[in-house]
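K.L.:
I am attaching a structure below and will ask some questions about it afterwards.
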Amino acid sequence: MTITDTPTTPAPAASRRLSTSKAMVEAIAQEMERDPSVIYLGEDVGAYGGIFSSTTGLLDRFGPERILDTPISETAFIGLGIGAATEGMRPIVELMFADFLGVCFDQIYNHMAKIHFESGGNVRVPMVLTTAVGGGYSDGAQHSQCLWGTFAHVPGMKVVVPSNPADAKGLMTAAIRDDNPVVYLFHKGVMGLPWMAKNPRSIDAVPEGEHVVPIGKAALAREGKDVTVVTLSLSVHHALDVADRLAGDGIDVEVLDLRSLVPLDREAILTSVAKTGRLVVVDEDYRSFGLSGEVVATVTDRDPTLLKAPVQRVAVPDVPIPYAHVLEYAVLPRPERIEEAVRRVAAG
């Protein structure tokens, strides 16, 4: 078994390369083989294999009793998953898009997240709620949001967001084994799907066999000494591209991949900022009342003297995600906006 338990994630000791979607499927299949209580349910997760290839091949392997196609009734099938979890199973429930959170939010934040507390700790809800997030593909205002700040704001749930294939496998394994409800958010842009514009790092080395990434540990995606960029998901790759480009101009950028929002690895944030003295937070969620402010507060609440320059935040402004491609790119935290923020804070 390989376990990633340090802030720095080394390259996986593996020669084979998988897409993020295939790494996720491998983790699910391995846990279903290991534990007969693991089931998967959601819309189009059976014969179709998930619209983002999150369950490809699982129906043929495990059959319709463990891979359950559901009607378009998010409240019903998330409630089904919650009930199964409280009765001793370990369901993985797929909400097709995070934007559909509003349809079934009562089941999530009043039941899935609170049953353990309201039972005095006597009832566990070992359930994974997985869903696709992110824009960049002209999916419109109702299919392009991230909303991880909304999930993270509600107590009682862990929230994980992988950015690469190895972490996708390791975090899925950890989520399935966790006795708490875990929200597992995957960005469409890191899945490595052939029919979508994909990031070149969405296919990478993935360890074979059992691979677990502990929930709540950030990963140092790139070491640097001048500026810390704290981010997650697809924005990790944008930040790495910017860091490579700015290295030629003498700006050494450190990139911290949070991987988990709940628990949030605050010590990793503080350690990096203590080294560089400059902070840029990149978040594909909305700017107000969200992750970017929480990361900044992590530093200013503990020791604001760590900062040598004002913090820069690159996030989605408080507007619906536009459908028009040019307008959509204008609001997303694309590399151009990240580079501008890094240059600004480096000059401060």
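Rundown of residues vs (1) open to solvent by 10 Å² or more (accessible area, probe 1.4 Å); (2) farther than 18 Å from A27 by Cβ; (3) hydrophobic (A, V, I, L, M, F, W, C), yes/no style:
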position	(1), (2), (3)
I176	no, no, yes
D179	yes, no, no
K188	no, yes, no
E210	yes, no, no
I215	yes, no, yes
A219	no, no, yes
K225	yes, yes, no
H238	yes, yes, no
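K.L.:
If the Cβ limit is 9 Å and pairs must be 6+ apart or interchain, which residue in segment 138-151 that is of a type in the set (G, A, S) pairs with which residue that is open to solvent by 40 Å² or more (accessible area, probe 1.4 Å) and outside any loop (DSSP other than H, G, I, E, B)?
P.N.:
Pairs found: S138/H325; G149/Y286; G149/E294.
K.L.:
Now a separate question. Any residue that is at pLDDT 95 or above and more than 29 Å from A84 (Cα to Cα) - is there at least one of those in segment 170-189?
P.N.:
No; the residues of segment 170-189 include none that is at pLDDT 95 or above and more than 29 Å from A84 (Cα to Cα).
K.L.:
Among the residues of segment 138-158, count how many are buried (at least 24 other Cβ atoms within 10 Å of the Cβ) and not in a loop (DSSP other than H, G, I, E, B).
P.N.:
Matching residues across segment 138-158 total 2.
K.L.:
List the number of the failed condition for G42; all other conditions in (1) surrounded by fewer than 14 Cβ atoms within 10 Å (Cβ to Cβ); (2) at pLDDT 95 or above; (3) farther than 17 Å from R177 by Cα; (4) not charged (D, E, K, R) hold.
P.N.:
Every condition holds for G42 apart from (1).
K.L.:
Which one of these is touching a Gly at 6+ places or on another chain (Cβ under 9 Å) and among the hydrophobic types (A, V, I, L, M, F, W, C): L258, L291?
P.N.:
L291
K.L.:
Then there is this: For segment 164-174, indicate whether the set of residues that are assigned to a helix (DSSP H, G or I), of a type in the set (S, T, Y) and either touching a strand residue (DSSP E or B) at 6+ places or on another chain (Cβ under 7 Å) or open to solvent by 40 Å² or more (accessible area, probe 1.4 Å) (or both) is non-empty.
P.N.:
Yes: segment 164-174 contains one or more residues that are assigned to a helix (DSSP H, G or I), of a type in the set (S, T, Y) and either touching a strand residue (DSSP E or B) at 6+ places or on another chain (Cβ under 7 Å) or open to solvent by 40 Å² or more (accessible area, probe 1.4 Å) (or both).
K.L.:
Checking the structure you have, find out if any residue of segment 305-321 is in contact with a His (Cβ under 8 Å, 6 or more places away or on another chain) and either more than 13 Å from Q145 (Cβ to Cβ) or open to solvent by less than 40 Å² (accessible area, probe 1.4 Å) (or both).
P.N.:
no
K.L.:
What pairs come up if the first residue lies in segment 275-297 and is closer than 19 Å to A346 by Cα, the second is surrounded by fewer than 19 Cβ atoms within 10 Å (Cβ to Cβ) and at pLDDT below 95, and their beta carbons are under 9 Å apart, counting only those six or more places apart or on different chains?
P.N.:
Note: pairs meeting the criteria are R278/G348.
K.L.:
Would you confirm whether or not segment 9-16 contains a residue that is surrounded by fewer than 17 Cβ atoms within 10 Å (Cβ to Cβ), over 24 Å from the mean Cα position of the chain (by Cα) and at pLDDT below 90?
P.N.:
Yes, because at least one residue in segment 9-16 is surrounded by fewer than 17 Cβ atoms within 10 Å (Cβ to Cβ), over 24 Å from the mean Cα position of the chain (by Cα) and at pLDDT below 90.
K.L.:
Going through segment 242-286 one residue at a time, which ones are surrounded by 15 or more Cβ atoms within 10 Å (Cβ to Cβ), more than 17 Å from the chain's Cα centre (by Cα) and in a loop (DSSP other than H, G, I, E, B)?
P.N.:
Those that are surrounded by 15 or more Cβ atoms within 10 Å (Cβ to Cβ), more than 17 Å from the chain's Cα centre (by Cα) and in a loop (DSSP other than H, G, I, E, B): I251, D252, G277, R278.
The values are calculated or read from the model by the stated rules, or taken from the named source; none is laboratory data. No experiment lies behind these values; they were computed from the predicted model shown. All Cβ positions, even for glycine, are placed from backbone atoms using ideal geometry, and neighbour counts span all protein chains on display. For accessibility, only protein heavy atoms count, side chains too; no ligands or nucleic acids. Shrake-Rupley method; radii C 1.70, N 1.55, O 1.52, S 1.80 Å.
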